[in-house]
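To keep things clear, I will list the structure first and then write my remarks on it.
The values are calculated or read from the model by the stated rules, or taken from the named source; none is laboratory data. It should be emphasised that the depicted structure is a prediction, and the values quoted were computed from it without experimental measurement. With ideal geometry, Cβ positions are generated from the backbone for all residues, glycine too; neighbour counts draw on all protein chains shown. For accessibility, only protein heavy atoms count, side chains too; no ligands or nucleic acids. Shrake-Rupley method; radii C 1.70, N 1.55, O 1.52, S 1.80 Å.
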Amino acid sequence: MEAKEKIMNQGKESREVKDRGQDSGIPAPCETCPVHHAANLKKLGVDMADWDFVVALAGNPNTGKSTVFNALTGLRQHTGNWPGKTVTRAEGGMEYGGYRFKLVDLPGTYSLLATSLDEEIARDFILFGRPDVTVVMVDATRLERNLNLVLQVLEITNRVVVCLNLMDEAERHGLTVDHRRLARDLGVPVVPTVARYDKGLDDLLDAIHDVATGQAVGKPYHVQYDQPQVDRAVSRLEQRVQAVFPDVPNAKWVALRLLDGDERIIEAIEEGELGDLQYGDGMRVEEPAPAS
Amino acid sequence: MVMACGWRSLLPLLDPSFGVGRGLRHQPIPVQNGRLHNLDDEERMDMTDKEVSKEDIIEEARSLRWEVGGDFHEKIVESIYADAARIADRAVTREDEQGGFDFDRFIDQVVTSKVWGFPIMLLMLTLVFWLTISGANVPSRLLSSLLLDTVHPLLKQASDMVGLPGWLDGVLIDGGYLATAWVISVMLPPMAIFFPLFTLLEDFGYLPRVAFNLDNLFRKAGAHGKQALSMTMGFGCNAAGVVSTRIIDSPRERLIAIITNNFALCNGRWPTQILIATLFVGSLVPGYLAGLISALAVVGIALLGVLLTFAVSWALSHSVLKGEPSTFSLELPPYRPPRVLQTLYTSLIDRTLIVLWRAVVFALPAGIVIWVIANLNVAGTSIAEHLIQFLNPLGVLIGLNGVILVAYIVAIPANEIVIPTVLMLTVMTTGLSGVGEGAGVMFELESASKTMEIFRAGGWTLLTGVNLMLFSLIHNPCSTTIYTIYKETRSAKWTAVAALLPLGMGFVVTLLVAQIWRLVRGLL
């Protein structure tokens, strides 16, 4: 609640950002430009006409994802289904630092290896929707298990904020989590919170803002696959992917998924969907919303 | 990490694409333009970069997949787990784990134990109702004396002074206002106590343990264990319970969960149960026991609902919805100290006020309808009287009466208004005097209670009270829930089953109880 009160309404300023992008027509990413993929987002059921940035909320189940989502969006939320799926999803909006953020609550998952419908939905949203920020909720009392998901998200995108939640419980269990060290190791902002008591949510908002606007650029840690065979195969495939899709931001990850026989990624390559995943189209596709 | 490898190793076998890669022989990659190139020849590959096509990537992936070996998936997962463990280890420092006493685990062992699990569940439920019933007395009395004894006469005076025509005065003040005031004074106090208590239990993390305890029974009934969760949701609101069955993947088990959700006593019906139990069951015993016995009666009805859920699930899964129950894993979240203030706030806003608002929204027009049918005469008697006379034989047969059945028809949109409707219809059709003076004192246990007087005037007995509690548990869901069921199942047939099955069962159960009751009465 406290966090919401701080949110200011400066819609005008953010509109300017968008216009700048359209007028110049420069495809290269500018620092504060949104990077989300508006066309794909539309397919995923998110209309970006009235928003500056889209923020995805990922995390294991029971990490307080909904608590944070509710705290950030308040009453400005609605629930529906993922397009073509029976999985419910919640989305909402907030304004902070003069920008309008669309928040999408992804299904709670333990991994992104697409072995279940929930994982597939979460993975597709981060990969194809390319949210401007992906907040990964992490249970501080079960850091190891939760980091599996974080590392997998970091393979796809560097626009990540890790929300280290349930810090009070960790303390109760006699655990001290060094969030600075964690941030250094992961290469992305880590914000400790106690979402149930609204603690740390202001810092979370700041971090989301900074990553969305490009003021904080993550240099994410990538998993080391310490096997020469694997490394060789991955780097070879990575080159191929880069040759065909020169602008794909995460060719290495695509290569890994291909080697793993991920149907959805194979399909994305066949359909050329992967080619859409370039920087800069977040502003190109924007159409002014029809007055209604 | 070790755990992960165990089951992950099965995954490549399940992965349809994997077989394809495996089946291919290792061969040079054909490239368009008729050029061949060797895998090891990286320089040449760089030169042909421009010509690489999408198909080449997929082809190459296939052959490389062969090269990296069948345990590739395992290797990736292993690497991720290893890195996660390493990074977590660097960031986390553990205090000396002296003693190693895990409080959470201890609580879990007790509340989910075979011996104590169910008794503790019953104890918690009884405690919650006892607090609700004994706590609601005073505020309920205050509210009704304010709204019915003070404000109602004032409104009447005011309308006299303004010179409102008699019918308008009746529709607005004796119809709309009175029904609304009744709903508020009857429902607000118990809800304002019950919902926060229930939400506290939820917040503490007890409800998933309830699901855990019930899982085994559901499996035995041929239903999905997650039905325990949708059922607990139904204790709040059946429409929400029906929506929450989405967590069940199998359509067969989901249908069972949807159809039986109505047997979970919902928000709109708790106040009816609590009131009738207090007036009819609680008054059978001395005052100091009344609260406890009333609470036990309500718990009994709620348990009967759970029992019916199992019975109907079993019957469905062994007849029209045959099949094996599927498995699932249920994570028991750690216990969290309940946030008392937030819980009070949200349960007051989210549940109490929303439910109350819904009741008021339905009660206002219902009050008007009731006043109109009670005052519009056809052939010398009012429409309400006609309806009641028509339904009375059936009502009496099943131990209820015509008024109650008419009330249940009027209350299809919302269960919340059954009691106010019953009271208003009884008052209006029996021509009881002094309606505006304390008729809504709901939770007074003295036999002189005005509410009891109204019921007495309507010819109510203990049987009527008991059967009303039973019928309130076993009858068709409210119209919101019926619509939700239709939206979720997209089937008129199953919606009809979900609506009519409990109604039919309600008639059968109350009929049996009434007949046996009268038989025993006659023998004594």
For segment A:197-212, what are the residues that are touching a residue at least 40 places away in the same chain (Cβ under 8 Å), in contact with an Asp or Glu (Cβ under 8 Å, 6 or more places away or on another chain) and surrounded by fewer than 21 Cβ atoms within 10 Å (Cβ to Cβ)?
-> A:Asp198, A:Asp202
Given (1) in contact with a strand residue (DSSP E or B) (Cβ under 7 Å, 6 or more places away or on another chain); (2) assigned to a loop (DSSP other than H, G, I, E, B), number of the condition B:Thr93 does not satisfy = (2)
Can you tell me which residue among B:Glu60, B:Glu78, B:Glu74 is part of a helix (DSSP H, G or I), open to solvent by 50 Å² or more (accessible area, probe 1.4 Å) and within 14 Å of another protein chain (Cβ to nearest Cβ)?
-> B:Glu78
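Scan segment A:53-67 for residues that are open to solvent by less than 10 Å² (accessible area, probe 1.4 Å) and within 15 Å of the chain's Cα centre (by Cα) and jot them down.
Those that are open to solvent by less than 10 Å² (accessible area, probe 1.4 Å) and within 15 Å of the chain's Cα centre (by Cα): A:Phe53, A:Val54, A:Val55, A:Ala56, A:Leu57, A:Ala58, A:Gly59, A:Asn60.
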Taking only segment B:134-148 into account, find how many residues are surrounded by fewer than 18 Cβ atoms within 10 Å (Cβ to Cβ) and farther than 18 Å from B:Thr278 by Cα.
-> 2
Starting from segment A:216-244, take each residue that is under 25 Å from A:Leu204 (Cβ atoms) and list its partners that are open to solvent by 40 Å² or more (accessible area, probe 1.4 Å) and part of a helix (DSSP H, G or I), counting only C-beta distances under 6 angstrom and pairs at least six apart or across chains.
-> A:Ala216/A:Asp210
Segment A:234-255: number of residues that are assigned to a helix (DSSP H, G or I) and under 16 Å from A:Asp124 (Cβ atoms) | 2
Which number in (1) open to solvent by 10 Å² or more (accessible area, probe 1.4 Å); (2) modelled with pLDDT of 80 or more; (3) of a type in the set (A, V, I, L, M, F, W, C) marks the one condition that B:Leu188 misses?
-> (2)
Residue hits (segment B:393-406; over 11 Å from B:Leu468 (Cβ atoms) and free of Cβ contacts under 8 Å to residues at least 12 places away in the same chain) are B:Pro393, B:Leu394, B:Val396
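Please determine whether any residue of segment B:257-264 is outside any helix (DSSP H, G or I), hydrophobic (A, V, I, L, M, F, W, C), at pLDDT 90 or above and open to solvent by less than 10 Å² (accessible area, probe 1.4 Å).
yes
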Those helices (runs of 4 or more DSSP H) completely within segment B:194-246 that have 3 or more residues that are charged (D, E, K, R) are B:206-220
Among residues of segment A:213-242 being within 15 Å of A:Phe53 (Cα to Cα) and touching a Ser or Thr at 6+ places or on another chain (Cβ under 7 Å), the residue surrounded by the most Cβ atoms within 10 Å (Cβ to Cβ) is A:Thr213
Restrict the check to segment B:128-141 and report whether at least one residue is part of a helix (DSSP H, G or I), modelled with pLDDT under 80, more than 29 Å from the chain's Cα centre (by Cα) and farther than 30 Å from A:Pro220 by Cα.
-> no
Taking segment A:205-247 and keeping only residues that are closer than 15 Å to B:Arg65 by Cβ and either aliphatic (A, V, I, L, M) or facing chain B (nearest Cβ under 9 Å) (or both), one is left with A:Tyr225, A:Gln227, A:Gln229, A:Val230, A:Arg232, A:Ala233, A:Val234, A:Arg236, A:Leu237, A:Arg240, A:Val241
Got a number for residues in segment A:248-271 being open to solvent by 10 Å² or more (accessible area, probe 1.4 Å) and at the interface with chain B (Cβ under 8 Å from one of its Cβ atoms)?
-> 4
Selection from segment A:83-111 of residues of a type in the set (A, V, I, L, M, F, W, C), part of a loop (DSSP other than H, G, I, E, B) and open to solvent by less than 10 Å² (accessible area, probe 1.4 Å) yields A:Leu106
Cross-chain or 6+ apart pairs with Cβ under 6 Å, segment B:159-184 first and touching a residue at least 24 places away in the same chain (Cβ under 8 Å), then open to solvent by less than 50 Å² (accessible area, probe 1.4 Å) and of a type in the set (Phe, Trp, Tyr) = B:Gly170/B:Trp371; B:Val171/B:Trp371; B:Asp174/B:Trp371; B:Gly175/B:Trp371
Out of (1) within 14 Å of chain A (Cβ to nearest Cβ); (2) in contact with a Gly (Cβ under 9 Å, 6 or more places away or on another chain); (3) modelled with pLDDT of 80 or more, what's the single condition that is false for B:Leu394?
-> (1)
